Every structure is written in C-alpha cells, then in structure tokens.
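Peer 1: Pasting in a structure now, in structure tokens, and then I'll have a few things to ask.
FYI, it's all coordinate maths here, none of it is from the lab. None of the values given here were measured: they were computed from a predicted structure. As a convention, Cβ positions derive from the backbone with ideal geometry for all residues, glycine included, and neighbour counts pool all protein chains shown.
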Amino acid sequence: MTTILGIIIVICILLVIFYVARTVDLTKELKGESDDTVPASNVQGYLMFGFLIAFFIGITWSSMYFVPKMLPSPSSVHGVAIEKLFNMTLFFTGIVFVITHIVLFWFVFKYREKRGAKAYFFSHSNMLELLWTAIPAVVMLILVVKGLVTWLSIFPNTKTLPKETMVIEATAQQFKWNIRYPGLDKDFGARKIDTAHIGIATPDVWWKNELGIDWTDKASHDDFFADTIYLVKNKPVLMKLGALDVLHSFYLPHFRVKMDCVPGVPTTFYFIPNQTTVEKRKELSTLPEWQKINPATGGPKYSTFNFELACAELCGRSHYTMQKYVVVVEQAEYDQWVKEHTPIYASIQKAQQAALDKDKGTTNSTQPGMNDSTKVVVDSLLDKKTAMK
Amino acid sequence: MAIEEIANLHAEIHHGEHDDHHEETFLTKYIFSQDHKMIAKQFLYTGMFWAVVGALLSVLFRLQLGWPDTAFPFLETILGKWAEGGKVSNDFYYALVTMHGTILVFFVLTAGLSGTFSNLLIPYQLGARDMASGFINMLSYWFFFLSGVVMFCSFFVHTGPASGGWTAYPPINGMRDVAINKGSGLGLDLWIISMSLFIVSVLLGGLNYVATILNLRTKGMSMWRMPLTIWAFLFTAILGILSFPALLAAVVLMSFDRLAGTSFYLSDIVVNGQLLSHHGGSPILFQHLFWFLGHPEVYIIIVPAMGLVSEVLSVHSRKPIFGYRAMVFSLMAITVLAFLVWAHHMFVTGMNPFAGSIFVLFTLIIAVPSAVKVFNWITTIWRGNLRLNPAMLFAIGFVSMFISGGLTGIFLGNSAIDIPLHDTYFVVAHFHIVMGVAAFFGMFAGVYHWFPKMFGRHLNDTMGYIHFYGTLIGAYAIFFPMHFMTGIPRRYARFDSFEFANNFGGLNKFISIVAMIVFVLQLMFVINVVYSSLRGRRMKSINPYGATTLEWTTPVEHFHGNWSGELPEVHRWPYDYAVNGQEFIPQTTPLSEGEISHS
C-alpha cells in the first residue's frame, strides 16, 4: 500500500514538474524569447557559482564528519609506508582538485553570456601546453618513483626472509578460512593435491581431508588449525595463501594486507605487525569517535576493538560473512596460545578412538581444547564413519 | 585514387539512388533502416531503455544496502522467490550487482553512447551521405538488439541471471554444473551468448566507423579539419576493434571449461570435499584476457564523451577549442596507453611485483594526457561568452566529474596504495565518478546539444536545468562520501559480519535515498526526450547554435543522403569562432582574401 502511494506521489511530482516546465518554455516561446539565451545564462552563471561554494562546504563538512569514522591508522610496518604515500598523493591531487574546480566554476560565472560580449580568439599556446604537460609529468614521475620504492619493499624475495619469520597458511573456501599453523617444529606437513589425499576414504585417511594434508609427512603431525589468527608484535609473518574452490582474497584491513587466494596458484604476503591488540585499543581510547558507547556491548568502542580478516574478492552468496579475528600479542602469550592447541593429527586419532567408543555406546565427540575447525573435521569424520556403516 | 575522388564517387552513387526515389516502407524506414540517423535513434532509444533497467537494478540493491534489516513486501510481489519475505536473497543481490555492471558498461555506455553519436555525427560532420556500409551498420544495431534480448531473457530463467560479477571471473563463473553459485548455470550461459553477440555488434560498428572516417570525408575535409568528436569516435572504434576480440576469446574458452570439460582457467579445485578433474589451467589467465578488453573498455566509454564535450564546450563558449592538436595527440596517447595498463586491475592477484611496476608506470603516465585535456577544456571557456544551456552545463559537469574521478585514479594506479584500496568502496567511488557519471554527463551534453539535429525540435530547457542540477548534486552526494568508506570491501550484501565495516549504516541510507531521487530525475529526462521529440519547440533555423560544423548545413527534415544537392565542400578547420570580427565562420565558407587557413 505504501509502495503504491509512493509511486503515485512520485508520478504526481513528475507531472507537476512536467507541466510547469512545459508552461515556462511555452510562455517563453510565445513571447518570442526562446532564442534569447542571455537571461538564462546569467541565472545559470550564478547558480553554478553557488554550486561551487556548496560543493566545497559539503566536502569540508563531510570530511569532518566521516574521517573519524574511517579505518584507524595502520598497524603494520608497510602499512605506515602506504599511508605516507597515500597522504603524499592526497596532497598533490588535493591541490589540483581545489584549483581546477575554483577556476572551472569561476570561469563559468565570470564569462557567462552577456549581450554584446565577444569571445576572445585563443586557439593554442605552445608555452602553456608545454607547461601543463611538463608539470603533471614531473609530479607523476615523483609519485611513480616513490610508489615503486614502497611497492617493491612490500614484496621481498621470499627465499631471503629474516630467520624469525613465522609462516601461517590460510586456505579459503566457500565461505570460511582454514588457518593452519606449522606447530612447534615450525614446518608445515606437505599437501598433496590428488585424489589419493582429497575426499577419498582410505584406511588411515578417512575423513574429508580437503586440504590434502599428507599424514605420512611427519612434519604434519604437530600442525594445528586455529579459529583466530595470532600474530606476534614486530615479528615478521609470511602468509601462504590458497583457495579450494573459487577466488577469495585475504584482506586484513588494519594491517593494509590484501592478496588474492587463487585455486591452483599459490600466493604469499609478507608483513610485520607493529602493535598488539592491547596497544591498539589504548591508542584508540584517545579518539572521541572510539570513546562512544557501543550499543552491542555497553562499553566504549575502543575497549572491544579487534583486528579482523575479511574476504575481498566476490566468492558467492555469502561472500560478506567470511570473518575471522586477528590478535597481535607478545611472544610469551603467543607461545602459551600455541600450547593450548591440539594438533590436527592428534585430534583425528582421538576422534577415531571416540568413533570406536561410540560403537561401544559412549559418545563424546567434543574433546576439551579442541577448536571449531577441528570440531568440524571431527564431526565430518563421525558422519563419514556412520555413513560407511 | 585521391580520397576526395572516392568521396565524390560515393556521393554520386548515393545521389543517384536518392533521385530514384525508391519507396521506403515502414519496415525499411523505421525498423531495418540503413540510414545512419535512424540507426542512431535506435541506439539512443535502446540505450535509454537499458539505462532505466540498469538504474532500476541499482535502486533495488541500494534498498538492501540502505536498509539491510527491513523487509519490503513489494519486493516479494515483483520478484517472487528471489525476495522471500520482502528481503532480496543473496543470490539475487549479486545478480542485481552483476547485471547493473554489465548493462551500464556495455549496453548503455558503449552501445548507447558510442552507437548513438558515432552513427549520428560521423556522416554528418564529415559530409558523407551515409556510413561506408549502411547494411553492416544495420547489422551492428540488430546484433546489439539481439544481445539485449538474450540478456533480458536471462532475468527469467530458473537460475536467475548471472551473479558472479560483471567481470565474470572464473572459477566461480567457470564451472557450470558445480552448484557453487546459482547464476553460474543457465543465467551465465545466456550472459556469454549475449556478450558474444554484443562483441559482434561492436566490431561491425567499429569497422564501419573507421572505414567511413578514413574514406568518406568530403572534399576539403582533411584529417586535421575533422571536429574532435570524429577524432574521438575514430580512436574509440580502434580501441573497440583491437580489444573486444580478447573478451570473445576469453568467454569462448570459458564456455569450453563450462561445457566441454577443458581446463583453461581451472586447476586444483575442491568442492564439497571432492577434487575436480580440471587440472593445469589458471584463473589469472582469464583476468589478463578480460582486462585486456576491460581497461580499453573504460576508454571506449570515456573517449566519445570527451569528444562530445570538446565540441559542446567550444560551440557554446563561442570560442575555438584550445589546443586542437594537443587534444588529438592526447587522445592518441590515451588510446595507445590504454592497451598497456590492463594489469593495474590485478596488482593483488599474486602477479610478479616487477610486472606490476611497469603497469604502475604506464598507468600514471595516462594522467598526463588526461591532465592536458582538462587544462585545455578549462582554457577553452576562459574569456568565452558562455551560453549556459543544459548541454553546456552538462559539458562543464563532465569536466568537474572527470577531474574528481580522475584524481582518485592516481591513488589506485600506484600499486602500493592499491593494496588496501583494491576492491573497496574507494574503487566504487572512483570508477562511478570518472567513467559512469562523467560518461553520462558527456552523453547528456550530446543529447541536449544534438537533439534538434535528431528530431528537429529542442528539448525542454526547464526540465533540462532541473535534470542537470539534480544529477550533478545527486551524483556527488552518492559517490563523494564513498571515498570515506575506504577499506570497506565492495560487493558485500551487508556489513554486520564485521566490526570494521559496520560503521557507515547512516551513510548507506543517505546514499540509497539520493540514488532513488536521482533515478526519478532520470525518468524525467526520459519524459522530456519522448515529449520533446513529438511536441517540443521546433527548430527555427537549421543552425540554431551558430556552429561551424557540417551537420548544421543539412535540412531539418531527414532523408537518406543528408544533403539534397552536392555534398558541401570544406575550406577551413571546425573551430573558427570569434575570428576576423565574426562570431563564427562555417567550415563551408571559403577563405577570404589573404586569410591563412588554420590547418
């Protein structure tokens, strides 16, 4: 009902505008004034000048209102460099934006059609054209050089990374992330992308091993899945990225990290987080926008701030739900966190045992210390077991 | 044989035909017309139809973005299973976004813009009776029409229309029978068929435009005497001819992957715990092929708008365009560079960073010819006597939009800055302003300016002014604040899964409301076009603006052949305004004694 009413109102407004506009133009035509464009140009000159002023007021106001709501400052080393480059570009483009707009609309106002006025024949000037080819060229050159220095520094040779670099594997699929840590040996078990390892039940691998982890590789035995990505402050991270089904993109907005996850094409991203989550909250607590109360928690917004992982490449109907938290801590806390995790291999063995127990009538698929991803694995394992019967 | 002779020969042949007075039926005059003017109108009307459809889709998905938790029962009424409970389903949300992009980029801003004005102006401004081949020209329109029919049908199939993004990236679009995305079934098959037909249309049209421009210029119309519109259409056609085949190759290979089990774009894919048999391909290959079209495509959209704007600014400033040759050379530079920047859409696909650096260099170099054009436009209106009618206002609005949107391209073209900005609302703001809104402004400038040439009547000025200010303010209100959503991923149906992205609920509502208002304003433009073409103010003289170019020497009534007598002869360049104490001197006026030809 409201829809129909809305449509009727819109049609009425359109009709009113139409009849008024028609009358205005017909009147002008009857008076024989429709070829005289001077009065209209005069009015339009003022209106365009008014637009210029309103435009700049709008930009100033919206900047004041929205900038505090934007993403907080970067929490990674390269993120800071990108921010610098961004601000430098903003400086140059801002100058051009303001000057060209003032000049453009000022000319529209100043040279609006006047009776008897004559335009000035000015068809070219090599000097001027040279000037405004050379100046943008020089500015662009500066931006290219600065940009490329930053860009190439973000992608170091992955073979010569610092020794303490921690490697984390993120494999995306519709619509979740599989985050795998290499465990205490700091070495991932190999993955085999073939039907012997993926999706086939064999005597020793009889769960949905979508990643194709090779259990005969001993390095895999202490690998574990994590629900939350834990990073260590000032410790370099190399993300090994991949996808199982479609394109995804590994996006850490607060760290200015983004890299596509491509089925069949491994990608990496190297970065150094330079703030712990606690430090970030402290930093944000000084900003008025973040002192506002979050209605969901009842506390100030900064107190519940968290780094997040998102998907940035359209991957299907639930693309917008691929969320995980990222936590940056000091080394000691990280070590403690690692210890709390049960390796995938151990979980499977436990679950295998549990499945056997289930046959005997005791059910307990949820092991203490097991995280969600592992639980899924175990659940699917139990399903499979039931299905196999 | 000299070019002039060919032109004359062609003219004689056509002239002879005209004298024969062969009867034109309704079918040959209005439907299967081979007359460039009628084909231009067909492109205009079809483009307008698709513009309304495309904009309507954006209103529907703006409802979702503005009020993600509100149910709109009327949506279920019109969309049925796609909006159960009055909420657009995710599948359909992505279908809306995908089709909005496809329709606006290809059907409206490629066919609707370039198709309309290339057809209308190339023969008119060159002094030709028609296109080099009227028949191929007709085919070009009908392939476009057919492609539209197929695309329209895809809205009504059980899978819904394509929903994997207008870029149609595999693997989500590359696997037909794997149920990972509803629209990737029959909907995408139809999308591929439609795009293939569309590419045929663009190629037929483009070859015809190039052939006509090179061969059918009237006597005296040397290349350096062509208006900038024609230069723009020439470069647009060249861009289209060289880049669209890459898209055809891309979608044909994708069809093989989808239907014949090949693996051009697919490798190591695991769906529901099962490894698919596709092996050895790369999804990145598709992206290279796609953007080899995709980037030139944005210039295919903006270059004709640049041409129209250059002409409109000059005519209504009563001044020559500033730096005519610099304008041509900058168009040429843009055309060449357009082919060397495609991978700037792919900085974060894992491409070799060194390769990325080269694309950064070329991408930022494009800013130089673009800057030259902007400064030349501004200098063109300096010390003019600006007739501020709706056409002129839209041309000025174009310059403003092109500056605003172009400058943000300098951020995105720099690969390091692109890392956080890629696939976020900053990109949405950038390309909508610089390529969407700016191209629309160029198109509106063209429609308001050449409407009398098309229909012998003027558009209603009052509605034109309302349309202009509403669209200018509305477009900035919609897209400018999106720059503040830097870092918020695009193509999200809702933002509440994330703390960092859920900060702009109020802004999203505001944008949605403005989008609806702007949509209604465009309906007013449609009303204006339909009404004015039938009942609008009649054209009193054949040259209402005091323009110099040849299209204003033809009679108001349209007939096949354009000029009833001899073809006009050109003696000077097209921008003799405010020269020799005269307001303007048409191109057909011979040089006066002692006068030196400008070119």
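Peer 1: Binning at 10 angstrom from zero up to the longest distance, how are the C-alpha pair distances of the range A:160-381 distributed in percent?
Peer 2: 7, 29, 34, 21, 7, 1, 0
Peer 1: Here's another thing I want to ask about it. Relative to the first principal axis of the alpha-carbon coordinates of chain B, what is the inclination of helix B:134-153, with its axis defined by its Cα atoms, in degrees from 0 to 90 and to the nearest 10?
Peer 2: Compared with the principal axis, the helix lies near 30 degrees.
Peer 1: Then there's this: Could you sort the peptides B:245-255, B:192-202 by per-residue average Cβ neighbour count (10 Å cutoff), highest mean leading?
Peer 2: B:192-202, B:245-255
Peer 1: Something else now. Just to confirm the filter: which trypsin sites (Lys or Arg not before Pro) across the range B:67-173 are DSSP coil and have at most 16 other Cβ within 10 angstrom of their Cβ? Kindly include the intermediate steps, with their values, before the conclusion.
Peer 2: Working: sites: B:81, B:87, B:129; in loops: B:87, B:129.
Passing both the DSSP loop test and the Cβ count: no residue.
Peer 1: Could I ask something else about it? Using just the C-alpha positions of the range B:18-93 as equal point scatterers, what log10 of I(q)/I(0) does the Debye formula give at each q in 0.11, 0.20 1/Å?
Peer 2: Calculated log10 I(q)/I(0) at the listed q: -0.51, -0.84.
Peer 1: Moving on. Give me the Kirkwood hydrodynamic radius of the range A:14-112 in Å, from all C-alpha pairs, to one decimal place?
Peer 2: For the range A:14-112, the Kirkwood estimate is 17.8 Å.
Peer 1: A further question on this structure: Please state the charge dipole magnitude for the protein assembly as shown, taken about the Cα centre, from unit charges on C-beta atoms (+1 on K and R, -1 on D and E), reported in debye and rounded to the nearest 20.
Peer 2: With only Lys, Arg, Asp and Glu charged at Cβ, the dipole is about 1800 debye.
Peer 1: Now, a different point. Using only atoms on other chains, find how many Cβ atoms lie within 10 Å of each Cβ of peptide B:89-100 and report the average.
Peer 2: Numbers: counts 1, 6, 2, 1, 3, 4, 1, 0, 1, 1, 0, 0.
Per-residue shielding by partner chains comes out at 2.
Peer 1: Mind sorting B:313, B:472, B:207 by how few other Cβ atoms lie within 10 Å of their own Cβ, fewest first? Write down the numbers at each step before the final one.
Peer 2: On the way: B:313 27, B:472 22, B:207 17.
So the ranking, lowest neighbour count to highest, is B:207, B:472, B:313.
Peer 1: So if I take the centroid of the Cα atoms in the range B:391-451 and the same for the range A:70-119, what is the distance between those two points in Å?
Peer 2: Cα centroid of the range B:391-451 versus Cα centroid of the range A:70-119: 14 Å apart.
Peer 1: Going toward the positive end of the dipole of the range A:18-87, with +1 on Lys and Arg Cβ and -1 on Asp and Glu Cβ, which of A:19, A:80, A:55 do you reach last?
Peer 2: A:80
Peer 1: Here's something else I'd like to know. Taking a threshold of 24 Å on the Cα-Cα distance, which of the pairs A:301/B:509; A:208/A:233; A:163/A:240; A:163/A:280; A:235/A:301 fall above it?
Peer 2: A:208/A:233; A:163/A:280; A:235/A:301
Peer 1: Tell me, how many Å apart are the Cα centres for the range B:144-185 and for the range A:202-261?
Peer 2: About 31 Å separates the Cα centre of the range B:144-185 from the one of the range A:202-261.
Peer 1: Could you tell me whether chain A comes out rounded, prolate or oblate from its Cα gyration tensor? Rule is a ≥ b ≥ c as square roots of the eigenvalues, rounded for a/c under 1.5, then prolate if a/b exceeds b/c, otherwise oblate.
Peer 2: Prolate, since a/c reaches 1.5 and a/b exceeds b/c.
Peer 1: Per residue of chain B, what 222 nm ellipticity follows from adding -39500 (n - 2.57) for every DSSP H run with n ≥ 4, rounded to the nearest 500?
Peer 2: -19500 deg cm²/dmol
Peer 1: Now, a different point. Hey, can you rank B:44-56, B:524-536 by average C-beta count inside 10 Å, highest first?
Peer 2: Going from most to least packed, we get B:44-56, B:524-536.
Peer 1: How many angstrom separate the Cα center of the range B:550-582 from the Cα center of the range B:465-528?
Peer 2: Cα centres, the range B:550-582 to the range B:465-528: 43 Å.
Peer 1: Work out how much length residue A:11 to residue A:42 would gain on full extension: take 0.36 nm times their residue separation and subtract the Cα-Cα distance, in nm to one decimal.
Peer 2: Additional length available on full extension: 8.0 nm.
Peer 1: Separate question: Starting from the eigenvalues of the Cα gyration tensor, five times each then square-rooted, give me the equivalent ellipsoid semi-axes of the range B:181-314, largest first, whole Å. Kindly include the intermediate steps, with their values, before the conclusion.
Peer 2: On the way: eigenvalues 332, 37, 30 Å².
Equivalent-ellipsoid dimensions as semi-axes: 41, 14, 12 Å.
Peer 1: Along the positive direction of the dipole of the range A:160-381 (beta-carbon charges: Lys, Arg +1; Asp, Glu -1; about the Cα centre), which of A:277, A:352, A:341 reaches farthest?
Peer 2: A:277
Peer 1: What does the convex hull of the Cα atoms of the range B:426-533 come to per residue, in Å³, rounded to a whole number? Intermediate values should be presented prior to the final figure.
Peer 2: Details: hull volume 10.2 nm³, N = 108.
So the per-residue hull volume is 94 Å³.
Peer 1: What average number of partner chain Cβ atoms lie no more than 10 Å from the Cβ of the residues making up A:243-255? List each step's numbers first, then the result.
Peer 2: Details: counts 5, 8, 10, 15, 12, 1, 5, 1, 8, 2, 9, 3, 1.
Taking all residues of A:243-255 together, the mean is 6.
Peer 1: When only Cα pairs under 8 Å and 6 or more residues apart are kept, what is the percent relative contact order across chain A? Don't skip to the answer; put the middle values down first.
Peer 2: Numbers: 516 pairs, mean separation 59.8, N = 389.
This gives 15 percent for chain A.
Peer 1: For the range A:127-250, what is the charge dipole size about the Cα centre, in debye to the nearest 20, if Lys and Arg each add +1 at the Cβ and Asp and Glu each add -1 at the Cβ?
Peer 2: Computed about the Cα centre, the dipole is about 400 debye.
Peer 1: Give the span of the protein assembly as shown's Cα atoms along each principal axis, as three whole-Å numbers ordered largest to smallest.
Peer 2: So the three principal-axis extents are 106, 62, 60 Å.
Peer 1: Say R0 is 45 Å: what FRET efficiency, to the nearest 0.05, do residue B:566 and residue A:131 get from their beta-carbon distance?
Peer 2: Here the calculated transfer efficiency is 0.50.
Peer 1: Then there's this: Hey, if you put +1 on the Cβ of every Lys and Arg and -1 on every Asp and Glu Cβ in the protein assembly as shown, which of B:469, B:154, B:323 ends up farthest toward the positive end of that dipole?
Peer 2: Farthest towards the positive pole: B:469.
Peer 1: Also: Looking at the calculated P(r) for chain B, what percent of the C-alpha pair distances fall above 32 Å? Before the final figure, lay out each step's value.
Peer 2: Numbers: 84791 of 179101 pairs.
Roughly 47 percent, rounded to a whole number.
Peer 1: Straight-line reach from residue B:219: which lysines have Cα under 27 Å away, leaving out those fewer than 8 places along the same chain?
Peer 2: By straight Cα distance, residue B:219 reaches B:37, B:319, B:453.
Peer 1: Helix A:77-110 versus the longest principal axis of chain A: what is the Cα-based angle in degrees, 0 to 90, to the nearest 10?
Peer 2: Compared with the principal axis, the helix lies near 20 degrees.
Peer 1: A further question on this structure: Rounded, prolate or oblate: which one fits the range A:46-90, using the alpha carbon gyration tensor with axes a ≥ b ≥ c (rounded when a/c is under 1.5, else prolate when a/b beats b/c, else oblate)?
Peer 2: On the way: a/c = 7.55, a/b = 2.48, b/c = 3.04.
It comes out oblate by the Cα gyration axes.
Peer 1: Report the longest stretch of chain B that contains none of the GluC sites (Glu not before Pro) sitting in a DSSP loop with at most 16 other Cβ atoms within 10 Å.
Peer 2: B:25-556
Peer 1: Across the residues of A:132-144, average count of Cβ atoms on other protein chains within 10 Å?
Peer 2: If you average over the peptide's residues, the count of other-chain Cβ atoms is 6.
Peer 1: Sticking with this one: Taking chain B as the reference, fit the longest principal axis to its C-alpha atoms, fit the long axis of helix B:90-102 to the helix C-alpha atoms, and give the angle between the two in degrees, 0 to 90, nearest 10.
Peer 2: Roughly 20 degrees, rounded to the nearest 10.
Peer 1: Run the dipole for the range A:160-381 about the Cα centre, Lys and Arg Cβ at +1, Asp and Glu Cβ at -1, nothing else charged, and hand back the magnitude in debye, nearest 20.
Peer 2: Values: 25 positive and 27 negative charges, 108 e Å.
The dipole magnitude comes to about 520 debye.
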